[in-house]
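Student: Can you keep this structure in mind? I'll have questions shortly.
FYI, it's all coordinate maths here, none of it is from the lab. Remember, it's a predicted structure, so these values are computed and weren't measured experimentally. Using ideal geometry, Cβ is built from the backbone for each residue, glycine included, and neighbour counts are taken over all protein chains shown.
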Amino acid sequence: MSAPKLFSPGPVMVKSNVRSALLHYDICHRSPEFEGMFTDTQEKIKRLFGADDTYYSLIVSGSGTSANETVLSSLFQKDESVLLIRNGVFGERLLEIIEKYQIPKEEAVFPWGTYPDLAEIEHIITRNPKIKVVAMVYHETSTGMINPVHEVGRLCEKYHKIFFADTVSAAGGEYIDMTTNHISIATSVGGKCVGAFPGSAYICAKKEILDTLTAAQCKNVYLSLYKHYDTAKSSHQTPNTPNVNLFWPLNQALTNILEEGLDKRIARYQRCASIIRNGLQNIGLHLLLSEHLSNTVTSVFLPENIPAADFLAKMEKRGYIFYLGKGKYADMNMIQVANMGEIYEQDCYNMLEVFTSCLNSF
């Protein structure tokens, strides 16, 4: 069987040199070679995020959720609270972490697929002086929406709040621009727009925030932001044994982006998304969103008479993998078509041809 085309929002198809990096000879993570590769990767992460020298980056072995949990379980002292802005399943994932660690919270909750209301967000910020952190998902993958990061960043700058952006599905596919957007802390993972493998997560944060951390305020052992920062500063290593074999592909994938140019990577993603969206609409399908769309995820409704699960199974037999919509959208016959990783324009045209054929077979 030939390898399927992953039109799914992670894991993604990777370049051959990223896959080859998995075969790097074995090294010890307590070695100068690892330390050199670790520090090189840290610098490339900062460049990916558009971060200046006031930021510092760290690498966590785990999924994007592990990076998010590292941040949220580590930032808060007693009585400090978080404002969570959410409008999709990954905002709800942040809520699950916040509630598990019993962090005092305020919420700005909007229906899935609804653009957050900035006036409501500002009102919540101004009425609760205990809010230390404002948290939001940059690219809410469950709908494909890009949230108002720049505007929320300006509010956080105005009211002197830490702005934490979950950029798990955005880094490498959107312009993060931490400095311009006043993002204090961002998280992501290799196995999405960057084009590496799942399990290599990373964090980029303001040094002034990291310097205030104490071991006592961090509520997790393995996912202690203090431990990761302290160990990286002192020895250019991680506090526990990391997924060493995944560091090499992450480094290579970041190198690929920097050599290609982030502008060119994003432009390719935009072209592919446009081909997919125009093609789906030309065959009479309805998209979930008409504005604030990401560069890499398209949510589309199948005809009512075609069960989404059956359609996805047929497409998989033809070599194409999509996602079923999450939550209520699964019941509404919605699927998601992504163009992250090693997907190019001709791949999108080929996919649409098979997509149309499968639709017509019902």
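Student: Which FRET efficiency value, to the nearest 0.05, do you get for Thr214 and Asn17 by plugging their Cβ-Cβ distance into 1/(1 + (r/R0)^6) with R0 = 30 Å?
Tutor: 0.15
Student: Based on DSSP H runs of at least 4 residues, each adding -39500 (n - 2.57), what is the mean residue ellipticity at 222 nm of the chain after dividing by all its residues, to the nearest 500 deg cm²/dmol?
Tutor: -12500 deg cm²/dmol
Student: Another question, then. Could you go through segment 69-81 in sequence order and give the Karplus-derived ³J(HN,Hα) for each residue, using 6.51 cos²θ - 1.76 cosθ + 1.60 with θ = phi - 60°, rounded to whole Hz, and x for Gly and Pro?
Tutor: Working through the residues one at a time gives 5, 4, 5, 5, 7, 10, 7, 9, 8, 4, 6, 7, 10 Hz.
Student: Something else now. Test of understanding: express the Cα radius of gyration of segment 219-362 as a ratio to 2.2 N^0.38 Å, with N the residue count.
Tutor: That works out to 1.38 for segment 219-362.
Student: Just grab the label-to-label distance for His150 and Lys78, each label 7 Å out from Cα along the Cβ direction, in nm (one decimal).
Tutor: Modelled inter-label distance: 4.3 nm.
Student: Are any of the pairs Lys100/Lys326; Lys219/Lys264; Lys44/Lys78; Lys15/Lys317; Lys44/Lys317 more than 30 Å apart by Cα-Cα distance, and if so, which? Kindly include the intermediate steps, with their values, before the conclusion.
Tutor: Working: Lys100/Lys326 22 Å; Lys219/Lys264 40 Å; Lys44/Lys78 35 Å; Lys15/Lys317 23 Å; Lys44/Lys317 38 Å.
In this structure, Lys219/Lys264; Lys44/Lys78; Lys44/Lys317 lie more than 30 Å apart at Cα.
Student: If R0 is 22 Å, what FRET efficiency do you get for Lys100 and Asn128 from their C-beta distance, rounded to 0.05?
Tutor: 0.55
Student: Using only the alpha carbons of segment 165-301, determine the length spanned along each of the three principal axes and report them from longest to shortest in whole angstroms.
Tutor: Its Cα atoms span 56, 28, 27 Å along the three principal axes.
Student: Tilt of helix 244-260 relative to the longest C-alpha principal axis of the chain, in degrees (0 to 90, nearest 10)?
Tutor: With both axes taken from Cα atoms, the answer is about 70 degrees.
Student: So how do 259-270, 70-81 stack up, highest first, on mean other-Cβ count within 10 Å?
Tutor: Details: 259-270: 14.4, 70-81: 18.8.
Listed from highest to lowest mean packing, they are 70-81, 259-270.
Student: Further question on the same structure: Just add up the charged neighbours of Cys204: K/R +1, D/E -1, any other residue whose Cβ is under 13 Å from the Cβ of Cys204.
Tutor: 0
Student: Sticking with this one: Compute the long axis of helix 118-127 from its Cα atoms, compare it with the longest principal axis of the Cα atoms of the chain, and write down the angle in degrees, 0 to 90, nearest 10.
Tutor: Tilt relative to the chain: about 20 degrees.
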